[in-house]
1. Any idea which of (1) at pLDDT 95 or above; (2) more than 25 Å from A:ASP5 (Cβ to Cβ); (3) within 11 Å of chain B (Cβ to nearest Cβ) is the one A:ALA48 doesn't satisfy?
2. If you go through region A:13-28 one residue at a time, do you hit one that is farther than 18 Å from A:SER110 by Cα, crowded, with 24+ Cβ neighbours inside 10 Å, within 12 Å of another protein chain (Cβ to nearest Cβ) and out of contact with any helix residue (DSSP H, G or I) (no Cβ under 7 Å at 6 or more places or on another chain)?
3. What is the residue count in region B:130-168 for residues that are crowded, with 24+ Cβ neighbours inside 10 Å and more than 24 Å from B:LYS88 (Cα to Cα)?
4. Of the numbered conditions (1) crowded, with 24+ Cβ neighbours inside 10 Å; (2) farther than 18 Å from B:LEU127 by Cα, B:SER49 satisfies every one except a single condition; which is it?
5. For region B:93-106, indicate whether the set of residues that are more than 16 Å from the chain's Cα centre (by Cα) and either charged (D, E, K, R) or within 11 Å of another protein chain (Cβ to nearest Cβ) (or both) is non-empty.
6. Would you be able to tell me the number of residues in region A:101-131 that are of a type in the set (Val, Ile, Thr) and either assigned to a loop (DSSP other than H, G, I, E, B) or surrounded by fewer than 19 Cβ atoms within 10 Å (Cβ to Cβ) (or both)?
7. Just the residues that are closer than 13 Å to B:VAL98 by Cβ, in contact (Cβ under 8 Å) with a residue 60 or more places away in the chain, in contact with a helix residue (DSSP H, G or I) (Cβ under 7 Å, 6 or more places away or on another chain) and not aliphatic (A, V, I, L, M), please, taken from region B:115-168.
Amino acid sequence: MIRHDCLELLAARMTDQLVVTSQSGQRIEWSHLSKHEGNLLVGMMGCAVGIGMGLALALPHRQVIVLDSDGSVLLSLFNLATLGNLRPKNLIVYVFDNGVYSGSRISYPSATSGNTDLAAVARGAGIKNALTIRDIETFKRAGLGALEQKELGFIVCKVEESLMHREIPRPNTDLAENKYTFVRYLERTEGKAIPFIGRG
Amino acid sequence: MKEELAKRLVQGLKDAGINFVTYLPETRLSQIVPLIQDDPEIDLIAAASEQEAVTIAAGATLGGKQAAVYMENTGIYVSCYSLLAIGKQLGVPLLLVVGYLGGVPDQRNSFLYATIGNRTIPVLDGLGIEYMVLEDGARLETKINDAVRAANALRGPFALLFAGEFSV
């Protein structure tokens, strides 16, 4: 299964969801596939699930999607315990698990290429709807199906190491620019002022 | 800390607009946790790591909440990465409510905490995070309000370090 294929299917299903991507190839691929103002492209690893959780808790009526990687989730495994206890019904975490630190450019294997099963870790942490998907047909059914469930989802997508993100243009949107676009979009669609924007 | 001071601290947070708090409990300010828990106007979210507490609070801020992170100062060390990557680099206002263990004004200071306290302010300086040290209840509500306003204006974290009467 190729990550870009999954993201392409996911992008076609997006309406007003908020999508948080961690720093990895999926950030580049997603920014290429979706120009939606509800995308927040987080520029660092290990932070997207926490930010997605905060958004989901602050806006419980809004569906929040996190696009993450095995390396990023391994960097912040404590998120799983918190997620497993809070279980926000409006949050889905897709983990594109290629089993390597692809960004290292030496494809150094991550723990998930060894004995670590992230979906099993998530279940042990208390996330009921945690599953592993290994082929695109199952992704179409169960992966996209999670969007219709009113339940916290933790979907581990086992993907091949793909270097497609190195062939497509990297997003040139500054982090602050992306943040303000995202926050202004929220102000408009939620009909409320975001406090920190304030007056000039 | 005296119960009255804990109540003033929580009321000060509310008056400054704080309506979302993530935390890991610690010893010096722990009386504020049940007070916040009982307050329907503040969401209280227990985190498993201060690094996570910072990212959850940042997400809530971007979603329209005025968020604070309550932690021990050891949590500053744990959360350096997310304070810098999300708080500073992305520019997300956060009020850090910090039990300042091991600082000179910590009334329960000992060899257990002194090294931690000794390096807290240099680390905040290194991160470029502004702070105030609070040793008593004088103008407490004003100082909390000033800190929230500064965090919003700076688009970043601002730390309140509680010691002195707060650490009794």
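The values are calculated or read from the model by the stated rules, or taken from the named source; none is laboratory data. None of the values given here were measured: they were computed from a predicted structure. Reconstructed Cβ throughout: ideal geometry from the backbone, glycine too, with neighbour counts over all protein chains shown.
1. Of the numbered conditions (1) at pLDDT 95 or above; (2) more than 25 Å from A:ASP5 (Cβ to Cβ); (3) within 11 Å of chain B (Cβ to nearest Cβ), the odd one out for A:ALA48 is (2).
2. no
3. 2
4. So B:SER49 meets the others, but not (1).
5. The answer is no, given that none of the residues of region B:93-106 is more than 16 Å from the chain's Cα centre (by Cα) and either charged (D, E, K, R) or within 11 Å of another protein chain (Cβ to nearest Cβ) (or both).
6. Taking region A:101-131 and keeping what is of a type in the set (Val, Ile, Thr), we get A:106, A:112, A:116, A:121, A:127.
Imposing the further condition that a residue be either assigned to a loop (DSSP other than H, G, I, E, B) or surrounded by fewer than 19 Cβ atoms within 10 Å (Cβ to Cβ) (or both) reduces the set to A:106, A:116, A:127.
Going through region A:101-131 one residue at a time, the tally reaches 3.
7. B:PRO157, B:PHE158, B:PHE166
Listed here are the residues, each with its yes/no results for (1) touching a Gly at 6+ places or on another chain (Cβ under 6 Å); (2) under 15 Å from B:LEU161 (Cα atoms).
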site: B:GLU72; (1), (2): yes, yes
site: B:GLY75; (1), (2): no, yes
site: B:SER79; (1), (2): no, no
site: B:SER82; (1), (2): no, no
site: B:LYS88; (1), (2): yes, no
site: B:LEU95; (1), (2): no, yes
site: B:GLY99; (1), (2): no, yes
site: B:ARG108; (1), (2): no, yes
